[in-house]
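The values are calculated or read from the model by the stated rules, or taken from the named source; none is laboratory data. Just so it is clear, the structure is predicted and the values come from calculations on it, not from any experiment. All Cβ positions, glycine included, derive from the backbone under ideal geometry; neighbour counts span all protein chains shown.
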Amino acid sequence: MKTLTQPGMIFDLDGTLLDSMYVWNEVDEIFLRRRGYDVPADYAQSIAHLSFSDAARYTIARFGLHETVDTIMAEWHALAVRAYRDDVPLKPGACAFLERQRQKSVRLAAATSSEEALFAPCLSRLGIADWFENVTTVREVARGKGFPDIYELAARRLGLPPADCAVFEDILKGVEGAKLGGFYTVGVFDPASEADRPAIEAAADLYITSWDDID
């Protein structure tokens, strides 16, 4: 078991701490089926690092939809909000790992592409909302998770330099963006990003398949 020593930790939510990627698969399937499309194999990864609004713009462009960004986001939100509020769990071992870090006085933050209206009720239901000193979203920075902006802002809010923070991500873009910022990076296995696993393992400082792998 690997023991981390960074005084700060920054966590992605979807696919990293939250076992939530099934929700977006369902949302994608329902949304595109309503419009006569199957979900392309690369679609989920193409939008995983984007903000909600940028993902909607990408979807409009890719499928030639004659709909507004706001209309698409409202439909996605309606499809997802119930699952996040009522059903989405933490990944096995994640709660225990977070609790161990709290006992060691590690400072915790989150960095997510998700919308507050989705993750906030979920974190509250799971009883961990107040465990994070800040939750930073991609809407607060100029660039998506292929760049270090979101992690740098989360670290500044913790009052720590990047070198003192570990970033946990399940997607390649997230690992690459954090590495560009000088963070210690931990790749976290999720089935939704399994195709990128070799690249994530190569890019990350550490790769885990379970939260029980580290202390």
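Numerical summary
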| item | result |
| --- | --- |
| All positions within the stretch 4-63 that are closer than 20 Å to Glu176 by Cα and assigned to a loop (DSSP other than H, G, I, E, B) | Leu4, Gln6, Asp12, Leu13, Gly15, Thr16, Leu17, Asp42, Ala48, His49, Leu50, Ser51 |
| Subset of the stretch 79-116 [small (Gly, Ala, Ser) and either modelled with pLDDT of 95 or more or exposed (fewer than 14 other Cβ atoms within 10 Å of the Cβ) (or both)] | Gly93, Ala94, Ala96, Ser105, Ala109, Ala110, Ala111 |
| Filter result for the condition that a residue is more than 26 Å from Pro89 (Cα to Cα), buried (at least 20 other Cβ atoms within 10 Å of the Cβ) and outside the structural domain of Gln45 (by TED's automatic domain parsing), over Gly159, Gly177 | Gly177 |
| Unmet criterion (only one of (1) more than 21 Å from Pro92 (Cβ to Cβ); (2) of a type outside the set (D, E, K, R); (3) buried (at least 21 other Cβ atoms within 10 Å of the Cβ)) for Ser193 | (1) |
| Single unsatisfied condition, Arg35 versus (1) under 30 Å from Leu206 (Cα atoms); (2) in contact with a Phe, Trp or Tyr (Cβ under 9 Å, 6 or more places away or on another chain); (3) basic (Lys, Arg) | (1) |
| Within the stretch 187-207, considering residues that are within 16 Å of the chain's Cα centre (by Cα) and touching a residue at least 60 places away in the same chain (Cβ under 8 Å), the one nearest to Val135 (Cα to Cα) | Val188 |
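Yes or no, residue by residue, for (1) closer than 30 Å to Asp86 by Cβ; (2) touching a Pro at 6+ places or on another chain (Cβ under 8 Å); (3) assigned to a loop (DSSP other than H, G, I, E, B):
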site	(1), (2), (3)
Ser124	yes, no, no
Asp130	yes, no, no
Val135	yes, no, no
Ala142	no, no, yes
Phe147	no, no, yes
Ile150	yes, no, no
Glu176	no, no, no
Tyr207	no, no, no
